[in-house]
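One structure is given here, and the rest of the page talks about it.
The values are calculated or read from the model by the stated rules, or taken from the named source; none is laboratory data. Computed from a prediction, not measured in an experiment: that's the story for all the values here. All Cβ positions, even for glycine, are placed from backbone atoms using ideal geometry, and neighbour counts span all protein chains on display.
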Amino acid sequence: MAEKTIQLRVMRYRPERSDDPFYQVYTIPYRDDMVVLDALNYIKDHVDPTLTYRWSCRMGICGSCGANIEGTPKLTCSVFLRDLRRQPVTIEPLANFPILKDLIVDIEDFMDKLLRVKPYIIREKEKPLERGEYRQTQEEVDMFRQQSLCINCMLCYSACPVYGHDDRFLGPAASALAYRYLQDSRDEGGDARIAAIASTHGIWQCTFVGECSVVCPKDVDPAGAIQQLKAMAATKLMKSMLLPLASR
Amino acid sequence: MATETARKPYVRHRSAMWWTKNPRYFLFQIRELSAVFVALYAFLVLYQLWVLRQGAESYRAFLDLWFSGPMVLLGLAILGFTVLHAVTWFLLTPKVLAARLARSPASSALVFVVMLAVWIAVSYVVVAFLYAPPAPVPPGGH
């Protein structure tokens, strides 16, 4: 039986050779159990060692192999070639980020945004070690568990038209992370965290397109988290206006 | 000391037609556009009230315009966009609401159906009130 082949149209950017990205088409043999990342690895090993991309775990948990496949941000380790109907299959770097080389984008802006939401438990006063850990009920864990599953793959930023329009926007994953800590019963840093995100380029810039939640490989639902953050910030503002003393 | 780098990040230009590339982006744009029609209707009703104050003659002229072909078409467009506006926002409401019924989050479908039912019920009451036959004048009344 003749070997099955597939055509991949990969966006290349080689800053040392050219000023603009270009597309390169590779035709490679494939089996039904191959994912897009396997195809990229095949190209790298057998066809073109200059092709550059990020990957690590091959099992949808490291969050490093994201790319736009046929225009939609996806983890390349999670898309089977057999499910891609149209050929050639177009693979591009994640949208809305500057390209550094081939499929590798600059993630520095995203890293800065993660830090802005203070992604750690803040206590007003730590209790001494001998008094044990901070315990939580299952209900308390359930309040933030969904948002704690984010793997920082940045697919949501690639899908977000608001971030594509203005990269000052805090964006989906960082907002979901802020929500995760605000909902954590052990955290006492709510005021500082809300102040950090309830700004023009914070959660209020979100227009609720909702595509971030659609592309999220871990069902984190950043769109829902941002809307609930808006409700939390608005409630806090109303309380401080109506009960100026109580909110101190 | 600054280190020399071969980095030359390439920033892509986003097409003005980005919203045509994905049906969900398109629906989002339509949802945003629908707000313009909802606002337009509010202005038309305000204008109607203003004309009403100008006297019977002007109001009759307004009604002639209101029931003319193009205005009926506009009215139908407004109705369509208003329904779209309401339904799309009702679909999104569960995400904002995070309603919790008996400890478990309320299902999105339930929130949507309840809101739709309340909307239809309120619309029915308003329509019934507006189109109710005039109450008979009690004997001896004016």
- [ ] Among what's in segment A:75-93 and is of a type outside the set (D, E, K, R) and in a helix (DSSP H, G or I), pick the residue that is surrounded by the fewest Cβ atoms within 10 Å (Cβ to Cβ).
- [x] A:S78
Open item on the list: I'd like the full set of residues that are assigned to a loop (DSSP other than H, G, I, E, B), within 21 Å of the chain's Cα centre (by Cα), away from every other protein chain (no Cβ under 14 Å) and touching a residue at least 12 places away in the same chain (Cβ under 8 Å), limited to segment A:47-74.
Closed with: A:Y53, A:R54, A:W55, A:C57, A:R58, A:M59, A:G60, A:I61, A:C62, A:G63, A:S64, A:C65
Open item on the list: I need a count of the residues in segment A:191-248 that are assigned to a loop (DSSP other than H, G, I, E, B), of a type in the set (D, E, K, R) and more than 14 Å from chain B (Cβ to nearest Cβ).
Closed with: 2
- [ ] Name, by its number, the condition in (1) over 24 Å from B:K95 (Cα atoms); (2) part of a loop (DSSP other than H, G, I, E, B) that does not hold for A:C153.
- [x] (1)
Open item on the list: So in segment A:130-139, with the set limited to residues that are within 12 Å of chain B (Cβ to nearest Cβ) and assigned to a helix (DSSP H, G or I), which one is modelled with the lowest pLDDT?
Closed with: A:E139
TODO: Name the residue, out of B:R7, B:R24, that is within 11 Å of another protein chain (Cβ to nearest Cβ), out of contact with any Lys or Arg (no Cβ under 7 Å at 6 or more places or on another chain), exposed (fewer than 12 other Cβ atoms within 10 Å of the Cβ) and within 21 Å of A:N96 (Cα to Cα).
DONE: B:R7
Task: Qualifying positions in segment A:122-164 - over 25 Å from the mean Cα position of the chain (by Cα), surrounded by 10 or more Cβ atoms within 10 Å (Cβ to Cβ) and touching a residue at least 24 places away in the same chain (Cβ under 8 Å) - done: A:R123, A:Y134, A:Q136
- [ ] Please work out if A:D187 is part of a loop (DSSP other than H, G, I, E, B), away from chain B (no Cβ under 14 Å) and not polar (S, T, N, Q).
- [x] yes
Open item on the list: Of all residues being outside any loop (DSSP other than H, G, I, E, B) and within 14 Å of another protein chain (Cβ to nearest Cβ) in segment A:1-40, which is nearest to A:D102 (Cα to Cα)? Just the residue, please.
Closed with: A:R12
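For (1) touching a residue at least 60 places away in the same chain (Cβ under 8 Å); (2) in contact with a Phe, Trp or Tyr (Cβ under 6 Å, 6 or more places away or on another chain); (3) under 27 Å from A:Q138 (Cβ atoms), each residue gets a yes or a no:
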{"residue": "A:D184", "(1), (2), (3)": "yes, yes, yes"}
{"residue": "A:G189", "(1), (2), (3)": "yes, no, yes"}
{"residue": "A:T207", "(1), (2), (3)": "no, no, no"}
{"residue": "A:V215", "(1), (2), (3)": "yes, no, no"}
{"residue": "A:D221", "(1), (2), (3)": "yes, no, yes"}
{"residue": "A:A225", "(1), (2), (3)": "yes, yes, yes"}
{"residue": "A:M241", "(1), (2), (3)": "no, no, no"}
